[in-house]
1. Mind checking which of A:R121, A:R200, A:R242 has the largest fluctuation in a GNM of chain A, springs on alpha carbons under 10 Å?
2. Per DSSP H run of n ≥ 4, the term is -39500 (n - 2.57); total these for chain B, divide by its residue number, and report the mean residue ellipticity at 222 nm rounded to 500 deg cm²/dmol.
3. In whole Hz, with x marking every Gly and Pro, tabulate ³J(HN,Hα) for the range A:96-111 from phi via Karplus 6.51 cos²θ - 1.76 cosθ + 1.60, θ = phi - 60°.
4. Going by amide H atoms built from the backbone, whose H comes under 5 Å of the H on A:Y226, apart from near neighbours?
5. Restricting to chain A, what percent of DSSP beta bridges are antiparallel, rounded to 5?
6. Name every cysteine in chain B that ends up alone, with no second cysteine's Cβ under 4.7 Å, or say none.
7. Given a Förster distance of 41 angstrom, what is the FRET efficiency for A:M1 paired with B:L248, based on the Cβ-Cβ distance and rounded to 0.05?
8. How many nm is it between the label spots at A:K63 and A:V18, if each spot is 7 Å from the Cα in line with the beta carbon?
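What follows is calculated from the coordinates using simple rules that are stated; it is not laboratory data. Bear in mind the structure is a predicted one, so any value in this text is a computation, not a measurement. Cβ atoms come from the backbone with ideal geometry, glycine included; neighbour counts cover every protein chain shown.
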Amino acid sequence: MIRLKNVVGTYTTVRGTVDALDDVTTDFQTGNIIGIAGESGCGKSTLLKLLYGNIEYPLAMSKGMIDYGMKGPDGRDITTENISEHWFKKISYIPQSSMSSLNPVVKIRKQFLDFQDFRSRKEIDETLEKVVAFLRELDLTPEVLDAYPHQLSGGMRQRVMVALGTFFQPDIILADEPTTALDVVVQKGILLLLAELQRRMKNTMFLVTHDMGVHYQLTHKMVIMYAAKIVETGDSEEIFSRPRHPYTKMLIESLPRIGDAKKLQGVEGKPPSLWDELRGCRFAPRCSRAKAECRERCPELAAVGNGHSVACLYPES
Amino acid sequence: MPQTVISVKDLSKRYSLGSMFKRTKIDALGGIEFEVKSDEPTIVSLIGESGSGKTTLAKLMLRIVEPSGGSMEVAGKKILAGKKERIRDEDLKALIQPIFQNPFEAFNSLKSVDTYLRDTAVNIRKAEGKDAIEKAMREALMAVGLRYEDVAGKYPNQFSGGELQRISIARAIIARPKLIVADEPVSMVDASLRMNIVNLFKSIRDEYKTSFLYITHDLATAYYISDYIVILYRGRVVEAGDARVVLLRPLHPYTKLLLNSVPAVGQKWSSREKMSDIETKEYRLEGCKFCTRCPDRLPECERSQPPRVDLEDGRAIYCFRYRGDGKAK
């Protein structure tokens with residue numbers, strides 16, 4: 001179990017500070033693919049950064065704590081402070097843009113060997129052998145090891161990122177919009193590959209994407225975020241078949257489907273600015289079900305049965 | 001006799017790649033043709049993945065680049081042809097207007113957004129006098145669900161992506177074009193706002209009698225709004241026809257592959273196919289560009305370009321597998 005307790009992620013800017021993640025408390029069951037959905041500015045990338053322990057100015061975790069429920073090889077608990085020592089081995093990050101994440105002047109081979117200190121030539125060769133075998137499982141030829149990142153196509157580069165992120169079989173994989181820049185055919189291949197790897201390694205994967213279709217295909221659990229808060233969590237099947245938060249419901253209902261001629265409507269209005277002082281439910285100004293109370297009282301994330309939680313004063317039935 | 005909405009004949013665009021000593025020529029568009037005829041304004045979707053040539057086609061239409069060959073007509077006017085035959089640049093602006101993908105890049109952050117609306121009203125709509133200009137701006141903003149008072153004098157950073165994209169659409173319709181070219185207009189817009197923008201295209205089509213060329217890789221929104229659909233692969237048309245006919249009963253193996261890859265809610269993906277690697281060499285294939293990835297490949301596919309076959313349901317398909325009655329050979 002990975003537990004977040006009252007976590008606040010704050011950015012410092014010239015205008016002052018702003019909480020991009022505001023008092024989030026939740027538990028994530030390990031061994032699942034956990035989908036995080038929400039719009040730009042909802043705090044989903046900030047949540048990943050905090051989980052990864054990649055906390056640098058202007059971002060800070062100003063309150064709260066994350067309990068990873070894991071110990072390092074030295075027997076100490078893994079915490080936000082020391083998790084960066086376990087990057088790639090215990091926790092890895094697959095970013096959206098592989099072009100800006102791979103070192104452009106270093107061949108892929110070297111990027112696979114950078115994680116470790118080797119004592120002998122033999123160790124290097126053994127590791128490379130494993131790398132080659134692993135690449136083959138990902139439908140990549142060993143020739144990519146001799147290529148520079150720019151010589152590979154976008155889809156191949158992203159598969160190299162997947163290979164780098166999963167080679168050490170980490171307990172936690174964070175994938176931040178891993179296929180957004182790719183074509184649908186390549187996207188399907190890479191996502192199913194990720195799902196296959198997760199099934200085999202039985203680790204916990206956080207998948208951030210704004211594409212609800214992708215969440216439906218891959219995830220076991222869902223987290224829906226809105227304006228720096230978690231508004232709904234639960235089993236993906238349950239969320240898609242019976243969404244309880246009006247925002248989730250509207251998001252799912254606004255998805256076009258091939259073969260369906262029904263007129264669709266998006267959600268009117270826009271998310272609130274996090275700079276403003278926010279009272280009440282943050283979705284209330286756009287919510288068709290909002291009552292006077294919603295504008296006054298901020299709903300807490302509360303269980304509604306079946307492992308399903310929702311932050312709404314008047315959830316959908 | 002139905003009017004020509006868009007007609008493209010043998011249109012090609014060749015780019016050179018590589019270094020000075022190792023040049024390769026790539027046909028971003030290798031002689032495509034399709035025609036859409038209708039008495040009603042039509043939303044035409046142009047579907048393709050990266051490298052299919054869909055953005056090249058948009059650039060050619062707006063004369064951002066010059067074609068290597070071929071011709072194109074929009075609303076009965078020649079827009080791409082020999083320099084003497086085609087309409088002047090000025091008339092082209094009144095005929096076709098663009099909407100771009102990234103609303104944050106389309107506007108200069110140092111100019112208030114209504115400058116763009118005003119410039120279009122003055123230079124393209126030829127509105128004269130303060131009242132006429134303001135009226136044109138008010139009308140256009142109303143059509144996209146915004147109020148002139150909320151927009152005038154504001155700068156791009158004061159709007160969300162969805163709002164800016166609405167303003168882009170308002171700017172385009174001030175010119176009263178016959179056709180709006182929209183290149184991935186909603187891919188940068190948040191999911192909750194996306195359908196509202198897409199719905200605008202339908203209402204503008206009906207109210208302003210404007211046709212759209214909707215360029216996208218998103219098959220689901222294309223199904224939702226388009227009347228006609230053209231599917232491109234590596235600079236060639238593979239299948240074109242009525243949107244419902246093509247997307248509900250796809251025939252070309254590439255169209256089927258695309259439809260199978262859509263992450264749809266309510267329909268889980270089955271197994272994954274072995275991943276192939278997209279290479280520039282696909283552009284140089286003699287035969288069908290899709291043949292190296294095609295599960296239904298025939299020997300002739302590798303040797304020559306598949307001919308155009310017109311089927312009874314009105315679609316055109318470029319595949320050796322099909323005869324005129326839509327049955328497989």
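1. Comparing A:R121, A:R200, A:R242 in a Gaussian network model of chain A, the most mobile one is A:R121.
2. Rounded to the nearest 500, the figure is -9000 deg cm²/dmol.
3. 3J(HN,Hα) across the range A:96-111, in whole Hz: 6, 9, 5, 5, 8, 9, 7, 6, x, 9, 10, 5, 4, 3, 5, 5.
4. HN-HN under 5 Å from A:Y226: A:V231.
5. Roughly 60 percent of the DSSP beta bridges within chain A come out antiparallel.
6. If one checks each Cβ against the other cysteines of chain B, B:C294, B:C319 turn up with nothing under 4.7 Å.
7. 0.35
8. It works out to 1.9 nm between the two label points.
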